[in-house]
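Worksheet: the structure to be examined is printed underneath.
The values are calculated or read from the model by the stated rules, or taken from the named source; none is laboratory data. Values in this document were obtained by computation on a predicted structure and should not be read as measured data. Note that we place each Cβ from the backbone using ideal geometry, even for glycine, and neighbour counts take in every protein chain shown. What goes into the accessible areas is simple: the full protein's heavy atoms, side chains included, and nothing from ligands, DNA or RNA. Shrake-Rupley method; radii C 1.70, N 1.55, O 1.52, S 1.80 Å.
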Amino acid sequence: MQSASPKILIIDDDKIASAALEGLLSNEPYELYFAYDGMDGISMAVSIHPDVILLDVMMPKMDGFEVCRRIRAMQDTAEVPIILITSLDDHDSLIQGLHSGADDFVTKPYNSVELFARLQTILRLNRYRRIIEQQRDLKNLHDELLIAYDKTIEGWSRALDLRDKETEGHSKRVTEMAVELARAFGLSESELVQVRWGALLHDIGKMGVPDGILLKPGPLTEEEWVKMRIHPTFAYEMLAPIHYLRLALDIPYCHHEKWDGTGYPQGLKGDQIPLTARIFAVVDVWDALSSDRPYRLAWTEDKVREHIRASSGTHFDPQVVGVFMPMPDCI
């Protein structure tokens, strides 16, 4: 955990100069660390991850310019702010310091007001940089998590398709159509992610339906339909405990509801049915009727269109039908 007090690493071979800096800074809310040659300074920079480095230029063996270059070259310390301490005030030395990667300069003898001002400024900028880095890391982690979720859900969807060979590819097709239609309704990108997940999992409740009913090569009996109609409830029971799927659950649970209230499992009517489920109901029926099934051949596009138009206001939300029909790219 990052310390509440900024950590300042002072790299200076002159112990008297280091003591003078300590005297100036000891009453401030800083943690002070000292190194007395370049190699020790580099090692300490890696180990303590300072918030700022005060680096003397004129040191034997390895001068401050070289120390600065080496600190900048290492991944763990590349972004640490470095203030060069120098008694050199010629233009060439300042340029050399900038080329070495220094962020700022202070000159000897120290002006305490100037030193504190430069430290406060660079520490504030470094704090903002770290906040931005943390936000970026959190976003990257969030994006990676969403990808992992998506791949898992795709896997579940493929497993469902493998179980029912006759509807293989159905989940992928209706997912693409549902996302495009939902986008036409102005849903946000985060909402479209939930539409995608809900569409991929729309039939997951069928995992609770016996194979003899699910794979029957002909019309179901009334008793079999009673069992089949339970699958949205199975979906709800399976998915409701999964927090990140709560918003996606509307499609698996409600896509068999009908606009006039004659659907299942809850008998919802009109706007009681979630919008995403109303959207999905249209594309689900479109794809089902447009595909061959064991008990019938695929309908022609014109016949499917006519069926959906005729079912507007009974099975389907008229507004959804009105947006869906003119969308050739969607269907």
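Given the options LEU145, LEU187, PRO109, identify the residue whose Cα lies farthest towards the positive end of the charge dipole of the chain (+1 on Cβ of Lys, Arg; -1 on Cβ of Asp, Glu).
Result: LEU187, furthest along the dipole toward the positive end.
Express as a percent, rounded to the nearest 5, the fraction of DSSP beta bridges in the chain (both residues included) that run antiparallel. If you can, show how the numbers build up before the last one.
Numbers: 1 of 19 bridges.
DSSP beta bridges in the chain are roughly 5 percent antiparallel.
Note down the magnitude of the dipole of the stretch 138-221 about its Cα centre, charges +1 on Lys and Arg C-beta and -1 on Asp and Glu C-beta and zero elsewhere, to the nearest 20 debye.
Magnitude of the dipole: close to 160 debye.
Compare TYR264, TYR33, TYR253 in a GNM of the chain, Cα atoms joined below 10 Å, and give the one with the largest fluctuation.
TYR33
Which percent of the accessible heavy-atom area of the chain goes to carbon and sulfur, probe 1.4 angstrom? Before the final figure, lay out the partial values.
Values: 9690 of 17500 Å².
Of the solvent-accessible surface of the chain, carbon and sulfur hold 55 percent.
Give me the dipole magnitude in Debye, nearest 20, for the chain about the Cα centre, with unit charges on the beta carbon: positive for Lys and Arg, negative for Asp and Glu.
1120
Going through the cross-link list LYS151/LYS172; LYS15/LYS108; LYS7/LYS61, which pairs have a Cα-Cα distance over 22 Å in this structure?
Details: LYS151/LYS172 13 Å; LYS15/LYS108 14 Å; LYS7/LYS61 26 Å.
Beyond 22 Å: LYS7/LYS61.
Just name one of TYR33, LEU94, MET325: the one whose Cα is farthest towards the positive end of the charge dipole of the chain (beta-carbon charges, Lys/Arg +1, Asp/Glu -1).
It is MET325.
Apply 1/(1 + (r/R0)^6) to the Cβ-Cβ distance of LEU215 and GLU133, taking R0 = 56 Å, and write down the FRET efficiency to the nearest 0.05.
After rounding to 0.05, the efficiency reads 0.55.
Can you work out the accessible area per residue across the chain, with the rest of the protein chains kept in place, probe 1.4 Å, in square angstrom?
Here the residues of the chain average 53 Å² of exposed surface.
Report the Cα-based extents of the chain along its three principal axes, largest first, to the nearest Å.
Taking max minus min along each principal axis of the Cα atoms, the chain gives 96, 38, 32 Å.
Of LYS303, LYS61, LYS258, which has the largest mean-square fluctuation in a 10 Å C-alpha GNM of the chain?
LYS61
Size of the dipole of the stretch 63-188 about the Cα centre, Lys and Arg at +1 and Asp and Glu at -1 on the beta carbon, nothing else charged, in debye to 20?
The calculated dipole for the stretch 63-188 is roughly 300 debye.
Tell me the mean residue ellipticity at 222 nm calculated for the chain from its helices only (DSSP H runs of n ≥ 4, each -39500 (n - 2.57), averaged over every residue, nearest 500). Walk me through the intermediate numbers first.
Working: 14 runs with 178 residues, N = 331.
That calculation yields -17000 deg cm²/dmol at 222 nm.
What shape does the stretch 217-331 take by its C-alpha gyration tensor, where a ≥ b ≥ c are the square roots of the eigenvalues and a/c under 1.5 counts as rounded, a/b above b/c as prolate, and the rest as oblate? It would help to have the intermediate numbers written out before the result.
On the way: a/c = 1.67, a/b = 1.20, b/c = 1.39.
It is oblate, given that a/c is not under 1.5 and a/b is not larger than b/c.
In whole angstrom, how long is each semi-axis of the equivalent ellipsoid of the stretch 1-153, when you take the square root of 5 times every eigenvalue of its Cα gyration tensor and sort them from largest down?
After scaling each eigenvalue by five and taking roots: 33, 17, 14 Å.
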